[in-house]
Amino acid sequence: MDQGRFPVCVTTCPAHAEFFGRRADVLAQGKARVEELRNEGFAKAELYGETEMGGLHVLSVAKYGLEAHGLIRDPRITEGV
């Protein structure tokens with residue numbers, strides 16, 4: 001957010017699905033969205049990136065569960081790679 005502006009991908013996203021800001025704020029938005037989805041009947045909705053690998057810089061809301069979105073549950077760094 002250099003020069004007081006958000007990244008262009010956030011401001012131009014037609015679905016308003018991208019957020020940018022302090023991690024705590026984005027984390028709260030992600031958790032709220034997961035709760036909304038669960039209330040709408042998407043029981044497998046999850047937030048990815050909060051704790052994975054110690055916490056990621058990008059958080060994703062997985063509407064149908066992690067595996068359905070190609071996300072790895074409990075990812076780990078492999079020794080020797």
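For every residue, the table says whether it meets (1) within 11 Å of the chain's Cα centre (by Cα); (2) among the aliphatic types (A, V, I, L, M).
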{"residue": "Gln3", "(1), (2)": "no, no"}
{"residue": "Pro7", "(1), (2)": "no, no"}
{"residue": "Phe19", "(1), (2)": "yes, no"}
{"residue": "Val34", "(1), (2)": "yes, yes"}
{"residue": "Glu46", "(1), (2)": "yes, no"}
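Under the condition of being part of a helix (DSSP H, G or I) and either farther than 27 Å from Pro7 by Cα or polar (S, T, N, Q) (or both), the residues counted in segment 25-44 number 3. Considered as a group, the residues in segment 45-81 that are at positive phi and outside any loop (DSSP other than H, G, I, E, B) include one that is surrounded by the most Cβ atoms within 10 Å (Cβ to Cβ), and that residue is Met53. Considering only segment 18-45, how many residues are hydrophobic (A, V, I, L, M, F, W, C) and farther than 20 Å from Glu67 by Cα? Counting residues in segment 18-45 that are hydrophobic (A, V, I, L, M, F, W, C) and farther than 20 Å from Glu67 by Cα gives 7. Pairing each residue of segment 15-41 that is farther than 11 Å from Leu59 by Cα and at pLDDT 95 or above with any residue that is charged (D, E, K, R) and open to solvent by 60 Å² or more (accessible area, probe 1.4 Å), provided the two are 6+ apart or on different chains, yields C-beta distances under 8 Å for Leu37/Lys63.
The values are calculated or read from the model by the stated rules, or taken from the named source; none is laboratory data. Please read these numbers as outputs of a predicted model, since none were measured by experiment. Here Cβ is always computed from backbone atoms with ideal geometry, including for glycine, and neighbour counts include all displayed protein chains. Areas reflect the complete protein model, heavy atoms only, side chains present, ligands, DNA and RNA absent. Shrake-Rupley method; radii C 1.70, N 1.55, O 1.52, S 1.80 Å.
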